[in-house]
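Presented below is the structure to which this report refers.
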Amino acid sequence: MGKLKVFDHPLIHHKLAIIRNKETTTKLFRETVDEIGALMAYEVTRDLPTADGEIETPIALTAVKMLAKEVVIVPILRAGLGMVSGIQQLIPTAKVGHVGMYRDEDTLEPKQYYFKVPDTTKDATVLVVDPMLATGGSVTAAIHLLKDAGAQDIRFVGIVGCPTGVDVLKNAHPDVDIYLAALDPKMNEQSYIVPGLGDAGDRLYGTK
Ligand code: PRP
Ligand code: URA
């Protein structure tokens, strides 16, 4: 069974306070989501495999360790895009795939509209990123598509989740580790996370 890790770090708590605040501007919201992505990436990648190598410093030969596997970041559009550049700051060699998915406003079912991932996805560590894990429908469907494309080593990196989303994702994909900055208690009648931060895509892109 994949693990669930909910972060407990002062910088992440502080940045969560900023993005939860309804008065936060689009600019600050966007910058802070990106910063949270970067902070989370450090921990999410803690156990990535390394390969031993040897390099020459200006002074001497030395043994080194380098990442043994490629990392592919897969944002779920739109809101997942907001976390990509923060993670890329830590893993500049990471390739990026895209899965377009939106929740139908009436049925809440995930609707796919785009899918493009690097050929190397099947051998890579794949970080699926989306700030919100609500009903779990979007990320569960996105991971099914990634597995159909051959992905075998998948981690989910979200910012705010809730117990329903975690259970749905765990049941559908028990092999996937789940990383969240916060686990909120519930959803409302419209399946928005409570207290949450509202509609992540709209707040990132100023669409409402
Ligand atoms: C949001 C969010 C997730 C999804 C989570 O996307 O970014 O993808 O909802 O909800 P779920 O767990 O119930 O599926 P949305 O559908 O609003 O699309 P957007 O990112 O384009 O705004
Ligand atoms: N999608 C969002 O953007 N916010 C929520 O609270 C739930 C789904």
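Just one of the listed residues (Gly196, Gly158) is in contact with a strand residue (DSSP E or B) (Cβ under 6 Å, 6 or more places away or on another chain), at positive phi and not β-branched (Val, Ile, Thr), namely Gly196.
Consider Val157 carefully, then state whether it is touching a helix residue (DSSP H, G or I) at 6+ places or on another chain (Cβ under 6 Å), over 14 Å from Val96 (Cα atoms) and not hydroxyl-bearing (Ser, Thr, Tyr). So Val157 passes the test. A search for C-beta distances below 7 Å between a residue of the stretch 185-208 that is closer than 16 Å to Glu23 by Cα and any residue that is among the aliphatic types (A, V, I, L, M) and more than 9 Å from ligand 1 (Cβ to nearest atom), counting only pairs 6+ apart in sequence or on different chains, returns Gly196/Val160; Leu197/Ile19; Leu197/Val160; Arg203/Leu197; Leu204/Val33. Regarding the stretch 98-114, can at least one residue be identified that is surrounded by 11 or more Cβ atoms within 10 Å (Cβ to Cβ), touching a residue at least 12 places away in the same chain (Cβ under 8 Å) and more than 24 Å from Val166 (Cα to Cα)? Scanning the stretch 98-114, I find no residue that is surrounded by 11 or more Cβ atoms within 10 Å (Cβ to Cβ), touching a residue at least 12 places away in the same chain (Cβ under 8 Å) and more than 24 Å from Val166 (Cα to Cα), so the answer is no.
At least 2 residues that are free of Cβ contacts under 8 Å to residues at least 60 places away in the same chain, over 19 Å from the mean Cα position of the chain (by Cα) and surrounded by 11 or more Cβ atoms within 10 Å (Cβ to Cβ) in each: list the strands (runs of 3 or more DSSP E) lying fully within the stretch 1-73 that qualify.
50-56, 61-67
Of the residues making up the stretch 181-208, those that are aliphatic (A, V, I, L, M) and more than 12 Å from ligand 1 (Cβ to nearest atom) are Ala181, Ala182, Leu183, Val194. Which members of the stretch 154-169 meet the condition of being of a type outside the set (S, T, N, Q) and surrounded by fewer than 19 Cβ atoms within 10 Å (Cβ to Cβ)? Pro163, Asp167, Val168, listed by residue number.
Any read-out appearing in this document is the output of simple, stated calculations on the displayed coordinates, not a laboratory observation. Keep in mind the model is a prediction, meaning the values are calculated, not measured. So basically every Cβ, Gly included, is an ideal-geometry build from the backbone, and we count neighbours across all protein chains shown.
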